[in-house]
């Protein structure tokens, strides 16, 4: 076997690995071991806000995917009660809200400076291109590149 052939074969390995990863991302179903998307309101949030600190602990919009991550969980670790929609969460309490319909939902939320939070629930990606776009969006969001 010539050196040239061996080197060209080694150069093809990264390309083959990239093709295999792309094929997996496109055809593999989107799943999650845990359907909960958990957010915590840290201790001292209310006190910091009352002291004039611009506290942004929760995103203004939470995106959930039906069948993958479709249960919103809020944990109140603060010293004061927090309101989310019609629910009053006492210190130490959690609130679980499962979603069954894709839509955009507006909630009153005392953990936000604006007093509002949007929960956008989307359908699970069904096609090859939707799965690729979903995985790209999730990858970028996980690194704060959105």
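Total residues in the stretch 121-140 satisfying the condition of being touching a residue at least 12 places away in the same chain (Cβ under 8 Å), closer than 16 Å to residue 69 by Cα and exposed (fewer than 14 other Cβ atoms within 10 Å of the Cβ): the figure is 1. When the stretch 33-50 is filtered for residues that are modelled with pLDDT under 90 and either exposed (fewer than 13 other Cβ atoms within 10 Å of the Cβ) or assigned to a loop (DSSP other than H, G, I, E, B) (or both), the ones remaining, listed by number, are 33, 34, 35, 50.
Can you tell me which residue in the stretch 93-120 is surrounded by the most Cβ atoms within 10 Å (Cβ to Cβ), limited to those that are out of contact with any strand residue (DSSP E or B) (no Cβ under 7 Å at 6 or more places or on another chain) and within 26 Å of residue 47 (Cβ to Cβ)? Residue satisfying both the conditions and the ranking: 112. Taking the stretch 11-32 on its own, how many of its residues are at pLDDT 60 or above and part of a helix (DSSP H, G or I)? The total comes to 15.
Counting only strands (runs of 3 or more DSSP E) that sit completely within the stretch 54-104, those holding 2 or more residues that are touching a helix residue (DSSP H, G or I) at 6+ places or on another chain (Cβ under 9 Å), farther than 12 Å from residue 38 by Cβ and in contact (Cβ under 8 Å) with a residue 12 or more places away in the chain correspond to 61-65.
Each residue in the stretch 56-89 was checked for being loosely packed, with under 15 Cβ neighbours inside 10 Å, in contact with a strand residue (DSSP E or B) (Cβ under 7 Å, 6 or more places away or on another chain) and over 17 Å from residue 118 (Cβ atoms), and 1 of them qualify.
The values are calculated or read from the model by the stated rules, or taken from the named source; none is laboratory data. None of the values given here were measured: they were computed from a predicted structure. Here the Cβ is made from the backbone with ideal geometry for all residues, glycine too, and neighbour counts use every protein chain on show.
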